[in-house]
Amino acid sequence: MNIIESFKIALTSLASNKMRSLLTMLGIIIGVGAVIALQSIGEGVVASSMARLTANGTNLITITPGNTSSGGIATSTTAATLTLEDAEALQDTTRITAATAVAPELQSGGQLVNGNINTVGRIIGTTTDYPEVRDLTVAEGDWFQDTDYNQSKTVVVLGATVASTLFPADDPINKTIKINRINFTVVGVMAAKGGTGFGSVDNQTYIPLTTVEQKLAGKRQQGLSGTGHTVSDIVAKASSNDNVDLLISQVTDLLDERHKISGAQAADFSIVNQQDLLQTAKDQAATYTIFLLVIASISLFVGGIGIMNIMLVTVTERTREIGIRKAIGAKPFDILIQFMIESISICLVGGLIGVVLGVISSLIVNATVPSLPTQLSVSVIVIAVGFAVAVGLFFGIYPARRASKLNPIDALRYD
């Protein structure tokens, strides 16, 4: 039997009972549509997360304070173990040869006000090396200078989102804003890097660390040694991806020495590697993908059972037709192929409808929910449709074999 003719017959059979055909295909439609929509959302979120993680480069490490201990037993309370003096020591290029820049962070929060416009933002006190460490670019104005830092001047650099919120129609450079009721002069605006939420780079505000310490953070506790000025964390940029491990080793050795940590004594700081964060994100993405495939497989499996059921009903309804075809010379293989093609056609049409619905759903989510970016993948669409066809092939075998084995005489006598 001609394959093209078989497909025509299959499509004609589907069209002859549209409602039954649609209900038969429903499981396939839902399965394919769901996997495309969810996968596009998942890939979009993962891509967005990866972009945020790599925005600062993959050769970044962050040194964070460790936990306190009581009677030799570690607690969950974070200790003030890192100081500005630690950051300055890490800038010693004779000891830390694998770093290109080091900068401390003293994080705070506050209300930023311009006239009758106000917003809440994350405030980071840091040094003049910070843009190099974090790979930040100033779009307007300049980053604060060494004199601003040394003299604790009330100057501020705004993230892109903060700037557009406080100054929707004006140029913010050299304008005055209030941060926690203190006047600050805007000296720069950062280039947008994307991302949403309180922790996004675009929602951050940058001030000289000495200014934050004196005017915003109040009296801060000293380091555990009783000296120095505590900071929230310290960030360092390795000279290359290959030197990240070397940088971690050098930083660990220097801080162990400064904090008098030796032997089996637990370190009072920890180091987070940006590459480890990226690998964690990739592993989570792989887990998410497997989860989606399991969901889609269940839906397609249920759809396949429905197709087998309908195909068995179809074989019963068309018993006389099968008998006539065999009587005029059709071979069992021809009958087998005919019903297999009909089963595959149901899944193929259902899969294509599912693709359309999945793509439309993805575009709607992308347009209406900015926090859920979507990223359609042609390979996922092809795999989803191919899997749907495979379901039709698998679940169509039994009804097709049953039709091909019918005795033509018994089939002709069937009423």
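The values are calculated or read from the model by the stated rules, or taken from the named source; none is laboratory data. Because the structure is predicted, anything quoted here is derived from the model rather than measured. Cβ sites come from the backbone with ideal geometry, for glycine too, and all protein chains shown count toward neighbours. Accessible surface is based on the protein model in full, side chains and every heavy atom, while ligands, DNA and RNA are left aside. Shrake-Rupley method; radii C 1.70, N 1.55, O 1.52, S 1.80 Å.
Within the range 232-252, which residues are touching a residue at least 12 places away in the same chain (Cβ under 8 Å) and surrounded by fewer than 22 Cβ atoms within 10 Å (Cβ to Cβ)?
232, 233, 239, 240, 241, 243, 246, 248, 250, 252
Just to be sure I understand, how many residues within the range 359-390 are open to solvent by less than 70 Å² (accessible area, probe 1.4 Å) and modelled with pLDDT of 90 or more?
The qualifying residues number 1.
Assuming residue 351 fulfils every condition listed in (1) modelled with pLDDT under 75; (2) of a type outside the set (Asp, Glu); (3) in a helix (DSSP H, G or I) apart from one, which condition is it?
Residue 351 satisfies all of (1) modelled with pLDDT under 75; (2) of a type outside the set (Asp, Glu); (3) in a helix (DSSP H, G or I) except (1).
Since residue 100 meets every condition but one in (1) at pLDDT 75 or above; (2) open to solvent by less than 60 Å² (accessible area, probe 1.4 Å), which condition does it not meet?
Here residue 100 meets the rest and fails (2).
Among the residues of the range 28-48, write down those that are crowded, with 24+ Cβ neighbours inside 10 Å and closer than 25 Å to residue 279 by Cα.
Within the range 28-48, 35, 36, 39, 40 qualify.
I'd like to check something: does the range 267-285 contain any residue that is modelled with pLDDT under 75, open to solvent by 50 Å² or more (accessible area, probe 1.4 Å), closer than 30 Å to residue 400 by Cβ and not small (Gly, Ala, Ser)?
Looking through the range 267-285, none of the residues is modelled with pLDDT under 75, open to solvent by 50 Å² or more (accessible area, probe 1.4 Å), closer than 30 Å to residue 400 by Cβ and not small (Gly, Ala, Ser).
Looking only at the range 119-131, which residues are at pLDDT 90 or above and either aromatic (Phe, Trp, Tyr) or open to solvent by 40 Å² or more (accessible area, probe 1.4 Å) (or both)?
The answer is 128, 129, 130.
So, residue 177, is that one open to solvent by 20 Å² or more (accessible area, probe 1.4 Å) and at pLDDT below 95 or not?
no
Condition check ((1) touching a residue at least 40 places away in the same chain (Cβ under 8 Å); (2) in a helix (DSSP H, G or I); (3) over 16 Å from residue 393 (Cα atoms); (4) open to solvent by 30 Å² or more (accessible area, probe 1.4 Å)) across all residues:
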position: 301; (1), (2), (3), (4): yes, yes, no, yes
position: 304; (1), (2), (3), (4): yes, yes, no, no
position: 310; (1), (2), (3), (4): yes, yes, no, yes
position: 313; (1), (2), (3), (4): no, yes, yes, yes
position: 321; (1), (2), (3), (4): no, yes, yes, yes
position: 325; (1), (2), (3), (4): no, yes, yes, yes
position: 329; (1), (2), (3), (4): no, no, yes, yes
position: 333; (1), (2), (3), (4): yes, yes, no, yes
position: 336; (1), (2), (3), (4): yes, yes, no, yes
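Checking residue 234 against (1) under 24 Å from residue 134 (Cα atoms); (2) modelled with pLDDT under 90, which single condition isn't satisfied?
Only one criterion is unmet by residue 234, namely (2).
Has the range 143-153 got at least one residue that is out of contact with any Lys or Arg (no Cβ under 6 Å at 6 or more places or on another chain) and modelled with pLDDT under 90?
Looking for residues that are out of contact with any Lys or Arg (no Cβ under 6 Å at 6 or more places or on another chain) and modelled with pLDDT under 90, one finds none in the range 143-153, hence no.
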